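J.: Below are the structure tokens for one structure; questions will follow.
The values are calculated or read from the model by the stated rules, or taken from the named source; none is laboratory data. All figures in this text were calculated on a predicted structure; none of them were measured in a lab. Positions of Cβ are backbone-derived with ideal geometry, glycine not excepted, and every protein chain shown enters the neighbour counts. When the accessible area is computed, the model is the full protein with side chains, heavy atoms only, and any ligands, DNA or RNA have been set aside. Shrake-Rupley method; radii C 1.70, N 1.55, O 1.52, S 1.80 Å.
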Amino acid sequence: MEVKPAEKAALPIITFEHDVTVHLNGEDIRALHFPSGHTDGDAIIFFPQNNVVHMGDDFVRYGFPFIDVAGGGSVQGMIDGVEKAAAQLPADVKVIPGHGVLSNLDDVRAYIKMLRETSGVVQKAIDAHKTLDQMKQEKILAPWAKWSNDFVSQDIFIETLYNSLTGHAGQFVKHN
């Protein structure tokens, strides 16, 4: 995939490497910075006055997430970031995912659980010296089949987790 540089007018006015709060239109808006989740620089935006959080592509409702390992993303970074955000949010927060329907904190917790469990199964297979092809043939993510989707299938997610957990950026994993 070739992405050409954006025009100057499309570039951000504010950039940050740590959490930041911006006061805009009478509201404090908190941006929680995550160095590597979906990509190499993610942010989750919390609007405390309205009790709403936008999770971006670190939390999606279409199933297994796309993690751009070749672009600096990682499954552990995604888990860490989403857990950090969940710990700071009120129980009744409204959650806007990067893709999908309006959600709640229980949906986020189920997503974190899936990420932890699937990465644990792949790590166990890596520790047992299984190859990526063996993992796919053995369908080690079958217990999480409901998370498989047209965008990120079980095999693609196994490859994503494998690359992330072994430190191989690999090539850009082409999703469906």
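J.: Being under 20 Å from GLN76 (Cα atoms) and either open to solvent by 40 Å² or more (accessible area, probe 1.4 Å) or part of a helix (DSSP H, G or I) (or both) is the filter here, so list the residues in the range 129-145 that pass it.
T.: The answer is LEU132, MET135, TRP144.
J.: Do the conditions hold for ILE67, that is, is it of a type in the set (Val, Ile, Thr) and farther than 25 Å from GLU117 by Cβ?
T.: no
J.: Now for a different question. Taking SER148 as the residue in question, decide whether it is surrounded by 13 or more Cβ atoms within 10 Å (Cβ to Cβ), of a type in the set (Ser, Thr, Tyr), on the phi < 0 side of the Ramachandran plot and free of Cβ contacts under 8 Å to residues at least 60 places away in the same chain.
T.: no
J.: Right, something else. Give the number of residues within the range 34-72 that are closer than 16 Å to LYS84 by Cβ and of a type in the set (Gly, Ala, Ser).
T.: Matching residues across the range 34-72 total 5.
J.: Continuing with the same structure: Considering only the range 155-168, state which residues are in contact (Cβ under 8 Å) with a residue 60 or more places away in the chain and open to solvent by less than 40 Å² (accessible area, probe 1.4 Å).
T.: ILE156, PHE157, THR160, LEU161, ASN163, SER164
J.: Hand me the list of strands (runs of 3 or more DSSP E) wholly inside the range 1-91 holding 3 or more residues that are more than 27 Å from HIS168 (Cα to Cα), open to solvent by less than 50 Å² (accessible area, probe 1.4 Å) and without any contact (Cβ under 8 Å) to a residue 40 or more places away in the chain.
T.: Passing ranges, in order: 27-34.
J.: Name every residue in the range 92-120 that is without any contact (Cβ under 8 Å) to a residue 40 or more places away in the chain and open to solvent by 60 Å² or more (accessible area, probe 1.4 Å), in order of residue number.
T.: Answer for the range 92-120, where residues must be without any contact (Cβ under 8 Å) to a residue 40 or more places away in the chain and open to solvent by 60 Å² or more (accessible area, probe 1.4 Å): LEU102, ASN104, ASP106, ARG109, LYS113, ARG116, GLU117.
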